[in-house]
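Take a look at the structure below.
The values are calculated or read from the model by the stated rules, or taken from the named source; none is laboratory data. Everything numeric in this text was worked out from a predicted model, so none of it was measured. Neighbour counts run over all protein chains shown; Cβ positions are idealised from the backbone, glycine included. Only protein heavy atoms, including side chains, enter the accessible area calculation; ligands, DNA and RNA are left aside. Shrake-Rupley method; radii C 1.70, N 1.55, O 1.52, S 1.80 Å.
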Amino acid sequence: MTTTPSASSFDPSRGRFESIVGILESEKAMYFPHTELETLLHAESNQLMRMLFQDHLELRADREPRIQGIIDAQGIPRNSVEYNAKRTLTMRFGDVQVRRIAYRRHGHFPNLYPADAILNLPNEQYSLGLRRLVAEECIRGSFECVVGAVERETGVRLGKRQVEELTLRAAVDFESFYAKLPHSQAKPNDVLVLSVDGKGINMLPDALRDATAKTARSTVPSTKMSKAEEKPAHKRMAEVGVVYYATPVPRTPEDILSPRDKASGRAKPAPVAKNKWLTASIVEDAATVISQVFAESQRRDPEHSRTWVVLVDGNNHQINCIRAEARKRKVKVHIVIDYIHVIGYVWGAAHSFFDYNDPRAKAWVEEKAASILAGEAGLVAGAIKRKATCLKLSRAKREGADKCNTYLKNKQPYLNYRLALEQGWPIATGPIEGACRYLIKDRFDITGARWGLGGAEAVLKLRALGKNDDFEGYWRYHIVQERRRIHEARYAGGTIPGLT
């Protein structure tokens, strides 16, 4: 049985509002500096909003009808009720009490609350609005900073554990959101570019992979982040992927070696990344992240009508995973190793032949770079080896030359820059390196920070959503999924009683 709603349901919040107006109309307030007025209204507005929300909840509770014939998802009817069952909801404005009817059945059956489903309340105490605020702040700063930002914004005091839990819940729909997102539009001749890379994150000991943890145990424990803790033995590799379109811009080796026009000083045209999509994971391995990158590419080009170019830094495991995924999806890909990465090896060879300050080194590197860009990586590798042999360099002195020779020979199938430049494809991994910097370095390299798996994974996903400009769309999707998971799944036919 429901009670008759009072005509004065909002009297408490009306009274609070009148009290605020009374303060502002007082003679004393005429001498307040603007800072004091601002502080006063900020504090009072949160309290007023909380009271308005509470009054509205009371009105809902007074008007809530008893519903006959409620049946749960297992087909079990709920024939008895408990009026005025209460729960606490912590919102941006503070705590409110939700009073509603509980539909019960004797035995080990959880209660059903149609009013909770209509309000789309989360399982935990904290509202979805507060969860969103935490997610937005976690994109920008550490969990400690989030605690402070939330308290300043709302007056609500959260612990680091609550912040991490809310962050985990905020990111749960990342994969399904992108699986259902309509594909991006592009020009008919745009190439589809895929790129993957990895970057280490300092992890807590129990979050390291087994082999890494074994090595880490050999270091001396410390209460501070030491140099030993910055070594790979204390890091777990996060895999990062990016997909984007690029309009082809045919170029020559000279355009790469001299990227600015000599007459005007302006940069020469080059392919530009557009409609970028990022993903990253500290939990999944390279093969899984590469599969996700291919899935996004498949979503954008389901008929495989575009040219697919894959830019990598030469990591053999990544290349093997890329080739395997391409075979599985029956798509032709052109794997291109980052030109800048290759030139790093050429400079290593130059240091075998020239002193570090020798101006001839730069001219020599440019000559070899021109040959590599012309599709002659194999010839360059042989020439470097012969030069080292003819000069009768010691093993230590010729180390850079030997590494370059081996690298160029082994990677030759992926160094077809002549074709890439003629077709107008990008040949550098700038977008993925930028993604690694934004997703990982700018957020995870905070001094002294060490991460657990769950928190790191969630923050990676949320930062990717922000960088993809998809956070708003994702959050709308996330709210719908929460209703389905928490509420619709508990009722017969997935239909929430009383919700039209």
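For the range 293-310, state whether one or more residues are open to solvent by less than 30 Å² (accessible area, probe 1.4 Å), modelled with pLDDT of 95 or more and in contact with an Asp or Glu (Cβ under 6 Å, 6 or more places away or on another chain).
yes
Looking only at the range 162-196, count every residue that is touching a Pro at 6+ places or on another chain (Cβ under 8 Å) and open to solvent by 10 Å² or more (accessible area, probe 1.4 Å) and tell me the total.
3
Within the range 92-103, how many residues are open to solvent by less than 20 Å² (accessible area, probe 1.4 Å) and of a type outside the set (K, R)?
Result for the range 92-103: 6.
Here is a yes/no grid of residues against (1) open to solvent by 50 Å² or more (accessible area, probe 1.4 Å); (2) farther than 17 Å from I118 by Cα; (3) over 36 Å from the mean Cα position of the chain (by Cα); (4) not hydroxyl-bearing (S, T, Y):
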{"position": "V21", "(1), (2), (3), (4)": "no, yes, yes, yes"}
{"position": "E25", "(1), (2), (3), (4)": "yes, yes, yes, yes"}
{"position": "F32", "(1), (2), (3), (4)": "no, yes, yes, yes"}
{"position": "E38", "(1), (2), (3), (4)": "yes, yes, no, yes"}
{"position": "N46", "(1), (2), (3), (4)": "no, yes, no, yes"}
{"position": "L52", "(1), (2), (3), (4)": "yes, yes, no, yes"}
{"position": "L57", "(1), (2), (3), (4)": "no, no, no, yes"}
{"position": "R60", "(1), (2), (3), (4)": "yes, no, yes, yes"}
{"position": "E64", "(1), (2), (3), (4)": "no, no, yes, yes"}
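Starting from the range 457-483, keep only residues that are over 16 Å from E175 (Cβ atoms) and surrounded by fewer than 20 Cβ atoms within 10 Å (Cβ to Cβ), then list their pairs with residues that are of a type in the set (V, I, T) and modelled with pLDDT of 95 or more whose Cβ atoms are within a distance under 6 Å, requiring at least 6 positions of separation or different chains.
Pairs found: none.
Could you list, ordered by first residue, the pairs with Cβ atoms under 8 Å in which the first is in the range 357-382 and among the acidic types (D, E) and the second is modelled with pLDDT under 95, at least 6 apart or interchain?
E366/L257
What number of residues within the range 369-392 satisfy the criterion of being of a type in the set (D, E, K, R) and out of contact with any helix residue (DSSP H, G or I) (no Cβ under 8 Å at 6 or more places or on another chain)?
3
Please indicate, with yes or no, whether at least one residue in the range 319-337 is open to solvent by 20 Å² or more (accessible area, probe 1.4 Å) and among the small types (G, A, S).
Looking for residues that are open to solvent by 20 Å² or more (accessible area, probe 1.4 Å) and among the small types (G, A, S), one finds at least one in the range 319-337, hence yes.
Output the number of residues of the range 405-426 satisfying the condition of being of a type in the set (A, V, I, L, M) and open to solvent by 10 Å² or more (accessible area, probe 1.4 Å).
Of the residues in the range 405-426, 1 are of a type in the set (A, V, I, L, M) and open to solvent by 10 Å² or more (accessible area, probe 1.4 Å).
Report those helices (runs of 4 or more DSSP H) wholly inside the range 118-192 carrying at least 3 residues which are of a type in the set (S, T, N, Q).
Per the criteria, no element qualifies.
When you check K397 against the structure, is it more than 21 Å from I337 (Cβ to Cβ), out of contact with any Gly (no Cβ under 6 Å at 6 or more places or on another chain) and surrounded by 13 or more Cβ atoms within 10 Å (Cβ to Cβ), yes or no?
Spelling it out, K397 is indeed more than 21 Å from I337 (Cβ to Cβ), out of contact with any Gly (no Cβ under 6 Å at 6 or more places or on another chain) and surrounded by 13 or more Cβ atoms within 10 Å (Cβ to Cβ).
Out of all the residues in the range 116-131, is one or more open to solvent by 20 Å² or more (accessible area, probe 1.4 Å) and over 30 Å from F444 (Cα atoms)?
yes
Filter the helices (runs of 4 or more DSSP H) completely within the range 395-500 down to those with at least 3 residues that are farther than 25 Å from M237 by Cβ.
Because the criterion is at least 3 residues that are farther than 25 Å from M237 by Cβ, the helices (runs of 4 or more DSSP H) in the range 395-500 that meet it are 399-410, 417-423, 471-486.
Filter the range 75-91 down to the residues that are under 37 Å from the mean Cα position of the chain (by Cα) and loosely packed, with under 13 Cβ neighbours inside 10 Å and list them by number.
Selection gives K86, T88.
In the list K268, K276, K235, K262, which residue meets the criterion of being open to solvent by 30 Å² or more (accessible area, probe 1.4 Å) and without any contact (Cβ under 8 Å) to a residue 12 or more places away in the chain?
K262
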